[in-house]
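Reviewing the structure listed below.
The values are calculated or read from the model by the stated rules, or taken from the named source; none is laboratory data. No experiment lies behind these values; they were computed from the predicted model shown. We place every Cβ from the backbone using ideal geometry, glycine too, and count neighbours over all the protein chains shown. These area figures cover heavy atoms from the full protein model, side chains too; ligands, DNA and RNA do not enter into them. Shrake-Rupley method; radii C 1.70, N 1.55, O 1.52, S 1.80 Å.
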Amino acid sequence: MFKYSSSAMINFKKLFSRLKNEDQKIYLCLSGGGVRAMAFHTGVLKYLAQNEMFNKIDSISSVSAGSLLTGFIFSKNNLYWPEDQSFLNETLPLIKETLLSGDLLKKMKNITFEPNIDSWFNRANRLSACIKEVWGIEQQMGDVFSGPNWIINTTCAETGTRFYFFGRNFIGYRYGRFDSSNIYISDALAMSSALPFYIGPYVLKTGEFNWDYSLDDVAPDEDNIQEKFENIHILDGGIYDNTGLEAFLAMGKGFRKADYKSGLFILSDASEVLREQNSSDWLEISSSGRSKKIMANQVRSLRMRNFHGYLERGDISGYYLRLGDNYFDRQLVRGQLSSGWSNDSIIDSKVGKHVSQLETGLQPLSERDFDGLVSYGYELLRLKKRIFP
């Protein structure tokens, strides 16, 4: 676990003193984590809107639930990123109404249990249809967006690499790109959210698209995806990276653009927290599900250590906002890292513990849980902004 020593505190204060730059761009990462992630991210966005920072968001990198939320916001504002007050007064209430209804999950369940085998094996493709019908997201990726750059992350099962939507292109690391203008936003959201087994892969026929292999990292003779695969199966972007950070910071290589170092990174992470489990039973110990959670947690930890390294050296400015038990966040609200903090914070309360342990699915939220998750995201960013102004 990354430890925050007193010396690190001094370093952080020096680092975050430059955040007063009013022109500083914000690079936002929105993780996966089901409806609880959508509500938590909404709290982070609420803080930014209340502090008139929406117009500073330069780029959003989203995964799974983070993609669903971003797509919902764009769609409900006619592909414009809303102004601060518009988000607070109009979009936020829509998000709350939608997550409390659970209509998307209800529609998915109806499809899943249809007496039709295609419904089972094409649930990701059907999820797109549900998003269109239930949420009314009918625009295409080629339509004109106004606002932050939006990177929608997915994972390709055949190559084991990150594929992503950016602008009017669908891009695969080492495998080229194609014009995705005619792909519906709902399709892109379904791909980014296509969790294995629960939803399953979104199937793309490679021959239906005109692939461009001119990118620097592509060797056309070796990486011609159309010759290798008739179909590719696109899965939840969280399989490769559930934080969304890879869009900005490549592991082992550094930042993808020099400009990123002058911006402010906000990583909103509501992915599942790995918790202790009594595994005295052999079957529990051997459970592939438990093993996958351990591996996913380690991948996330390695990415965050890399990110925190840049923070400690003062190379970048940023905040990591983690829903769930986190040593640093608990020390913040208990006053161990700064004097004068109140002890009634939701982060260190029974409500905070409860909402941080909610399932990471698409189930409907109660009003209490939605408000608790929004408050958690809002307060966590507020606390870190105050201690590192």
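Does Asp179 count as at pLDDT 85 or above, open to solvent by 40 Å² or more (accessible area, probe 1.4 Å), within 21 Å of Ser128 (Cα to Cα) and not aromatic (Phe, Trp, Tyr)?
So Asp179 fits the description; yes.
I'd like the full set of residues that are in a helix (DSSP H, G or I) and in contact (Cβ under 8 Å) with a residue 40 or more places away in the chain, limited to the range 302-319.
Scanning the range 302-319 gives Leu302, Arg303, Met304, Arg305, Asn306, Phe307, His308, Tyr310, Leu311, Glu312.
Just give me the residues in the range 75-96 being of a type in the set (D, E, K, R) and open to solvent by 60 Å² or more (accessible area, probe 1.4 Å), in sequence order.
Hits for the range 75-96 are Lys76, Glu83, Glu90.
Which numbered condition in (1) open to solvent by 10 Å² or more (accessible area, probe 1.4 Å); (2) more than 18 Å from Glu97 (Cα to Cα); (3) over 18 Å from the mean Cα position of the chain (by Cα) is the only one that Ala49 fails?
(1)
Among the residues of the range 204-216, which ones are open to solvent by 70 Å² or more (accessible area, probe 1.4 Å) and under 23 Å from Arg256 (Cα atoms)?
If the condition is that a residue be open to solvent by 70 Å² or more (accessible area, probe 1.4 Å) and under 23 Å from Arg256 (Cα atoms), then Ser214, Asp216 are the ones that fit.
List the number of the failed condition for Asp187; all other conditions in (1) part of a strand (DSSP E or B); (2) modelled with pLDDT of 95 or more; (3) open to solvent by less than 40 Å² (accessible area, probe 1.4 Å) hold.
The single condition Asp187 does not satisfy is (1).
Which numbered condition trips up Ile152, out of (1) in contact with a helix residue (DSSP H, G or I) (Cβ under 9 Å, 6 or more places away or on another chain); (2) at pLDDT 95 or above; (3) open to solvent by 20 Å² or more (accessible area, probe 1.4 Å)?
Ile152 satisfies every listed condition except (3).
Assess whether Ser86 counts as being touching a Phe, Trp or Tyr at 6+ places or on another chain (Cβ under 7 Å), farther than 18 Å from Gly136 by Cα and among the hydroxyl-bearing types (Ser, Thr, Tyr).
no
Yes or no: the range 54-65 includes at least one residue that is under 18 Å from Asp241 (Cα atoms), open to solvent by less than 10 Å² (accessible area, probe 1.4 Å) and in contact with a Cys (Cβ under 6 Å, 6 or more places away or on another chain).
Checked against the condition, which is being under 18 Å from Asp241 (Cα atoms), open to solvent by less than 10 Å² (accessible area, probe 1.4 Å) and in contact with a Cys (Cβ under 6 Å, 6 or more places away or on another chain), the range 54-65 yields at least one hit.
Of (1) modelled with pLDDT under 95; (2) part of a helix (DSSP H, G or I); (3) open to solvent by 50 Å² or more (accessible area, probe 1.4 Å), Arg36 satisfies all except one. Which?
Answer for Arg36: the failing condition is (3).
Could you check the range 190-236 and list, in sequence order, the residues that are under 13 Å from Ser128 (Cα atoms) and in a loop (DSSP other than H, G, I, E, B)?
The answer is Ser193, Ala194, Ile199, Gly200, Pro201.
Might you let me know whether the range 260-281 holds any residue that is among the hydroxyl-bearing types (Ser, Thr, Tyr), open to solvent by 50 Å² or more (accessible area, probe 1.4 Å) and modelled with pLDDT under 75?
Yes, the range 260-281 contains a residue that is among the hydroxyl-bearing types (Ser, Thr, Tyr), open to solvent by 50 Å² or more (accessible area, probe 1.4 Å) and modelled with pLDDT under 75.
Which residue, of Ile199, Ile171, is farther than 24 Å from Pro82 by Cα, open to solvent by less than 40 Å² (accessible area, probe 1.4 Å), modelled with pLDDT under 90 and among the β-branched types (Val, Ile, Thr)?
When all the criteria are applied, what remains is Ile199.
Listed here are the residues, each with its yes/no results for (1) of a type in the set (A, V, I, L, M, F, W, C); (2) modelled with pLDDT under 95.
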{"position": "Ser62", "(1), (2)": "no, no"}
{"position": "Asn77", "(1), (2)": "no, no"}
{"position": "Glu90", "(1), (2)": "no, no"}
{"position": "Thr98", "(1), (2)": "no, yes"}
{"position": "Phe113", "(1), (2)": "yes, yes"}
